[in-house]
Structure formats: structure tokens, C-alpha cells
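Only one structure is covered here, and it is reproduced in the block below.
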Amino acid sequence: MFKSIKYTLLVSLVISSLLITACGAENAAEATLQALGSTQTAVAETVAAQSVSSTSTPAAPIATQTPLLFSPTLTPLAPAVLPTRTFNPSASECGQASLISETVPDGTIYAPGQQFTKTWEIKNTSNCSWDTSYKIIFWDGDVLGGAYNYNLPQAVDPGQIVPISLVLTAPADDATYTSKWMLQTPDGGEFGVGQYNAPFYAEIAVSSDSKPNYGITSVEYNMVRDPATGCPANVTYTAYATVTSNGPVEFKYYWTQSDGHTVKNPDIVKMNSAGSVVLSNSWQLHIATNNVTRWMALAIGFSNGEKYIYSDYPPVEFTKTCGS
């Protein structure tokens, strides 16, 4: 707007100068007044036009910044009471177990497609209570017709033993099969039994023979001293032999001792299926026979139709002392 006014004044002054020059001095004053009047009229008209233009489209007002207001310090709410939740530790804390016993001895022979039940007795050796959200999961080998995972059948508190029974099926082909299993915590941690978290497993043989070659698969000894400690006049040592078969068998047995004595048993032991039987032999020793290593051994015989053929198993050794 101010540029236009300046331009109009300049033009008016130029015109006034020319008029003064052309009309002479006598008319200069009158011409100057007329020019100034025209200039004032033009300026007024220009200002009026600018005013009309400004009022037709109002200029946006300059916004003023509102000062920041700081909220007062909030009063803390009372702490919320969280619902009670069951803490679910990791497998390293809850995944501790031991194998107490099992059925279906390793090497048990089954016919193709024969169904059987394998049971493991497992002890909870952790400080956690296991519930039924814990699982039994297939780990390795052959699943033997079972599912790949099962829920634990019952809750197990620390120190308790739970029987885990799986219904399995022998495969169709003759061979030896192993099915390995583990336990799993609710948060997915797998664990087994013993110090090394080993899988617990079923090991079977499948035979399509009408008369499979059943026999003894293992003999394990356990020696017991009575009394357990002390130095009495007489001490009795009893050897317990756990004899395991892979199917129905009949046999005779006898014990031999390091002093040359043989303890015979005329009875026939009949096992109607795969499993274990415990046989024992006792030997009483006097106090004067301390610090001498002795042994006892089991011999098992099978009939060949005419007589019994015996096999000797490795002996179990022991040393009598005053302390144990």
C-alpha cells in the first residue's frame, strides 16, 4: 500500500514541475495547488481502496502462545493387589526324577502286532509339585504304536512315586526295538531320570517263530549283611539274585561258594511270562574269619529233554570285616 502512495506523489510532483515551467511563474502557484489537490484526492482514493480490500478479507490474527501449565504432583494410588498365581519354575528346578522300577524287562519277546503294557515307577525328586499339565513325551526310537505325548496321570508331590503305564504294540517285522520317553514341564522343559536326565525306555524283541528263543537276559546281585554293622560272634551274608527272562521259561538252579560248598535246589522255577524272580543264598561266618574276600555264584539250568544243562553266572564278591 505504501509503495503505491509514494509512486502517486512522485508522479504528481513531476506534473507540477512541468506545469510551472510551461505556464510561467504567475500561474505556478495555482498549478501547484491544483496538482496537490489532485494528488491528495488520488492518495485518499488509494487508501480507501486498500481499506476496502483489507476489510473484505480480514488478515489472520497473529497467534499468541499460551504459557505451559505444569500439572500438580499426582497422589500415588494404593498398590494393586495381584491375584495369587502358581509359579511355574523351569525344568532345571522341577525336572528332577528317578526311576524306581519297571515292568517288561529289556529284551522281552513278543509276536508281531502283540499288545503289551509297559509301566515305569518314577519318583519326583524335585521340590515342586507336578500336576497333570506335565507330560510324558516320545523322545527317540520307535513309538511302538503309542501316541507321541500323554498327560501325567495324576498329581505328584515331592518325594512321591507315580506309575506311568503306556499301552504299546509290537511292530510287524522281526527285530529289536527301543522306545525312549521323557517328561516335560508345563513351560516346555524336557527332563528324564537320574543324574544325567536319561530317557526311560522300553526295549523289546519281535519274533514270528512259533517257539521263540526265550531265556534269561540278566542276573543282578544284591548282598546284605546281618547285622549290618558291629562285630558280633557270627555274621550272615545273604546274596539276592534278581533273574530276568524275556518270556515264559522253566529252569533249575544252584549256588556255589568260594569254600567249595554247593547249595542245590531241586525245585523247578516256572515263569509264565517275561519278568523277574529273586533267588537267594545265605552264608554264615564267624568273627575269626575277618578280612577275607569270598564269593557266591548262581548257576541256572534248562532242560534239553533228557537233562538240565547249567550255565554259571559271574560271582558276587564280599569281604567280612568288623565294621561292615
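The values are calculated or read from the model by the stated rules, or taken from the named source; none is laboratory data. Computed from a predicted model, the values in this text were never measured in an experiment. Backbone-built Cβ (ideal geometry, glycine too); neighbour counts: all protein chains shown. For accessibility, only protein heavy atoms count, side chains too; no ligands or nucleic acids. Shrake-Rupley method; radii C 1.70, N 1.55, O 1.52, S 1.80 Å.
Quick notes
- Residues considered: N281, N272. Of these, the only one that is in contact with a Pro (Cβ under 8 Å, 6 or more places away or on another chain) and either among the small types (G, A, S) or in contact (Cβ under 8 Å) with a residue 12 or more places away in the chain (or both) is N272.
- Selection from segment 160-176 of residues that are under 30 Å from N304 (Cβ atoms), open to solvent by less than 60 Å² (accessible area, probe 1.4 Å) and out of contact with any Phe, Trp or Tyr (no Cβ under 6 Å at 6 or more places or on another chain): A175
- Applying the condition of being outside any strand (DSSP E or B) and β-branched (V, I, T) to segment 90-105 and asking which residue is least open to solvent (accessible area, probe 1.4 Å) yields V104.
- Unique residue being assigned to a loop (DSSP other than H, G, I, E, B) and modelled with pLDDT under 95 when the list is T229, T217: T229
- All conditions but one from (1) more than 16 Å from F116 (Cα to Cα); (2) free of Cβ contacts under 8 Å to residues at least 40 places away in the same chain; (3) out of contact with any Lys or Arg (no Cβ under 7 Å at 6 or more places or on another chain); (4) exposed (fewer than 14 other Cβ atoms within 10 Å of the Cβ) apply to P232; the one that does not is (2).
- Complete set of residues in segment 270-295 that are closer than 30 Å to I109 by Cα and over 46 Å from the mean Cα position of the chain (by Cα): N281
- So G260, is it assigned to a loop (DSSP other than H, G, I, E, B) and under 49 Å from the mean Cα position of the chain (by Cα): no
- Residues of segment 179-213 satisfying the condition of being closer than 16 Å to A274 by Cβ and open to solvent by less than 40 Å² (accessible area, probe 1.4 Å): S179, A202, I204, A205, V206, S207, P212
- Test: residue in segment 236-255 that is buried (at least 17 other Cβ atoms within 10 Å of the Cβ) and in a loop (DSSP other than H, G, I, E, B): yes
- Only one of the listed residues (T108, T132) is open to solvent by less than 20 Å² (accessible area, probe 1.4 Å), in contact with a strand residue (DSSP E or B) (Cβ under 8 Å, 6 or more places away or on another chain) and hydroxyl-bearing (S, T, Y). That residue is T108.
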